[in-house]
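The values are calculated or read from the model by the stated rules, or taken from the named source; none is laboratory data. Source: prediction; values computed, not measured. FYI the Cβ positions are ideal-geometry reconstructions off the backbone, even for glycines, and counts take in every protein chain you see. The area values use the complete protein model at the heavy-atom level, side chains included, leaving out ligands, DNA and RNA. Shrake-Rupley method; radii C 1.70, N 1.55, O 1.52, S 1.80 Å.
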Amino acid sequence: MSAAEIKSVRVRFAPSPTGFLHIGGARTAIFNWLFAQKHNGKFLLRIEDTDAERSGQDMVEAIIEGLRWLNLDWDEEIVSQSRRLEVYKKHAHALVQSGKAYKCFCSKEELAAKRDEAAKKKQDYRYRNDRKCLSLTTGEVEELEVRNQPYVIRLKLPEQPVQFTDMIHGNITVHHKQLDDFIIMRPDGYPTYHLAVVVDDYDMQISHVIRGDDHLSNTPKHILLYKAFGWQPPQFAHVPLILGMDKHRLSKRHGATAIGEYETSGYLAETVLNFLTLLGWSSGDDREIFSRAELVKEFDISGVAKKSAVFDEKKLEWMNGQYIMALTDQELLEKATPYLKKQDWITEEILADQKFVLKITAMLKQRLKRLTEFPEMIAYFFSAPERYEEKAVKKFWKDESVIDILQKISSQLAAIKDFENTSIEAVLRSITDELELGFGKVMNPLRLALTGGSVSPSMFEVMELLGKQNVLERIETACVYIRKNLVEN
Ligand code: GLU
């Protein structure tokens with residue numbers, strides 16, 4: 001889209017606070033935010049809370065927290081629909097005044113009976129088939145109102161097809177026979193979603209409505225409302241749904257769907273922003289890692305696909321690993337600290353030894369996928385393993401010979417003066433040569449003794465950080481364990 005075509009961009013994110021900020025909602029918010037940033041426009045936030053029973057202030061706060069975590073700042077004051085009920089009412093009645101809408105006093109039972117009758121004849125029921133209440137005289141309407149007869153307000157649909165152009169789906173035409181005189185105001189005076197959304201988007205001077213394509217079928221109704229009011233509709237862009245790996249609509253069944261859960265499970269906000277943007281949008285090439293600034297620069301509605309996007313958590317994990325690797329050690333430690341603090345065993349003392357913790361951080365950075373793994377990955381630097389990985393015990397500590405190897409290692413390491421990386425490596429290499437064993441045959445049993453597991457960064461560096469005394473003690477403890485284990489099994 002050329003700059004000339006877009007005068008002043010004003011977009012909005014309009015969640016209903018009936019749940020947390022979920023993946024789909026967050027992605028819609030991101031697309032709107034990126035679009036506003038790119039076009040120097042405004043990104044507004046509107047809370048669609050007219051469903052008082054299902055909406056909650058705690059959910060509003062959770063949504064706001066989610067947006068803050070993703071660093072999606074909004075402009076202007078937050079608009080709450082529940083505070084605008086009088087505005088919607090005024091507009092609904094104005095449409096009645098201008099003859100574009102009418103009051104309908106038909107009871108639920110009456111409508112249900114007509115629906116049943118149509119079903120029997122295998123016909124679709126439409127209120128507009130008879131438009132009973134449209135033929136009420138002014139006097140009859142007044143009389144019903146005096147008797148406090150409840151009513152809804154229905155939009156009177158024109159006998160013409162509805163047409164609009166969606167920026168993603170192209171030209172859309174809906175035949176008027178497929179639509180009905182839909183309700184814009186309920187008997188309790190509350191607006192329906194259609195009325196509220198149109199009145200708000202108009203009042204907020206929204207230029208582009210970017211939302212999930214589950215709303216595509218609502219858009220003809222919105223266009224009809226704009227027409228009835230005599231307002232210019234905004235441009236629409238309906239973004240594709242997000243599916244789970246099984247190609248069904250993403251839901252709880254697929255795991256975490258609330259944005260907050262991704263923070264709790266150790267993902268970085270920047271990863272989630274990047275990842276969600278790629279759900280449905282592509283820059284046109286194979287790149288997958290984009291900084292926020294790159295996304296702002298390159299995002300365009302023309303790159304949004306029509307077809308649904310698939311949420312692949314494995315890919316999200318991979319991407320988080322990439323983002324973690326790109327952090328400096330200091331940044332990573334800062335980001336990991338809240339996760340460390342959740343562990344009882346992480347004392348102030350441990351965190352105060354920044355130099356030591358930073359060294360470990362540097363070593364583990366390549367392997368870390370989620371920040372939640374960090375405490376567990378660093379645990380053996382601070383205390384001896386409490387247990388040994390069972391599978392590894394079976395594999396690497398099979399017989400007595402391993403005790404001889406470990407003891408040999410221990411006595412030779414004990415003799416090292418400068419217990420550091422290169423001298424440790426030299427000793428271990430000479431032992432493998434002497435025993436004519438593969439390197440793994442020596443290192444795997446040793447790794448298990450020192451870390452309790454079968455994966456770790458370079459053992460020489462790990463040993464340097466652990467220090468000679470710890471290393472020797474852990475080897476001794478392991479030998480006692482192996483002997484006992486072999487006797488028992
Ligand atoms: N409140 C609607 C929803 O959460 C969004 C409506 C819209 O964007 O027009 O699905």
Net charge of Cβ neighbours under 12 Å - reference residue 238; Lys, Arg +1; Asp, Glu -1 = -1
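Relative to the present Cα-Cα distance, how much length would full extension add between residue 297 and residue 86 at 0.36 nm per residue of separation? Walk me through the intermediate numbers first.
Working: separation 211, 0.36 × 211 = 75.96 nm, distance 4.06 nm.
Full-extension gain reported as 71.9 nm.
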Output the lone cysteines of the chain: those with no second cysteine's C-beta under 4.7 Å from their C-beta.
-> 106, 479
Kirkwood Rh and Cα Rg combined as Rg/Rh, the range 1-157 = 1.11
Cα centre as origin, Lys/Arg/Asp/Glu Cβ charges: the chain dipole, Debye = 1860 debye
Taking square-rooted eigenvalues a ≥ b ≥ c of the alpha carbon gyration tensor, is the range 369-489 rounded, prolate or oblate, where a/c under 1.5 means rounded and, failing that, a/b exceeding b/c means prolate?
-> oblate
Inter-label distance for residue 429 and residue 404, nm, one decimal - labels placed 7 Å from Cα along Cα-to-Cβ | 2.5 nm
Sites residue 129 and residue 376, calculated FRET efficiency, Cβ-Cβ separation with R0 51 Å, nearest 0.05 | 0.15
Cα-centre dipole for the range 1-84 with unit charges at Cβ (Lys and Arg positive, Asp and Glu negative), debye to 20 | 380 debye
Rounded to the nearest 0.05, what FRET efficiency do residue 264 and residue 306 give with R0 = 30 Å and r taken as the Cβ-Cβ distance? Could you check?
-> 0.35
Check the straight Cα-Cα distances from residue 355 and name the lysines below 18 Å, setting aside those fewer than 8 residues away within the same chain.
-> 335, 341, 365
The range 251-267 versus the range 172-248: alpha-carbon centroid distance in Å = 29 Å
Within the range 1-86, DSSP-loop GluC sites (Glu not before Pro) with at most 16 other C-beta atoms within 10 Å are 5, 53, 76, 77
Pairing the Cα long axis of helix 468-488 with the longest principal axis of the chain, what angle in degrees results, from 0 to 90 and rounded to the nearest 10?
-> 90 degrees
Reachable aspartates and glutamates from residue 359, criterion Cα separation under 12 angstrom, eight or more residues apart if same chain | 329, 461, 464
Given a Förster radius of 22 Å and the C-beta distance between residue 315 and residue 389 as r, what FRET efficiency does 1/(1 + (r/R0)^6) yield to the nearest 0.05?
-> 0.20
Residue-normalised 222 nm signal for the chain, counting each DSSP H run of n ≥ 4 as -39,500 (n - 2.57), nearest 500 deg cm²/dmol, is -14500 deg cm²/dmol
Cα centroid separation - the range 383-447 against the range 135-156, whole Å = 90 Å
Determine the per residue accessible area of the chain with all protein chains present and a 1.4 angstrom probe, expressed in square angstrom.
-> 52 Å²
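According to the Kirkwood expression over distinct Cα-Cα pairs, how big is the hydrodynamic radius of the chain, in Å?
27.7 Å
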Within the range 299-329, backbone nitrogen closer than 20 Å to the virtual label 7 Å beyond the Cα of residue 286 toward Cβ = 310, 312, 314-323
Proximal aspartates and glutamates relative to residue 394, as straight alpha-carbon distance under 18 Å, when same-chain residues fewer than 8 apart are discounted = 386, 404, 488
Which links in 156/227; 89/227; 103/132; 90/156; 42/315; 89/114 stretch past 20 Å when you go from one Cα to the other?
-> 42/315; 89/114
Roughly speaking, to the nearest percent, how much of the chain's 1.4 Å accessible area is carbon and sulfur?
-> 49 percent
Where trypsin sites (Lys or Arg not before Pro) fall in DSSP loop in the range 262-306, at most 16 other Cβ within 10 Å | 287, 306
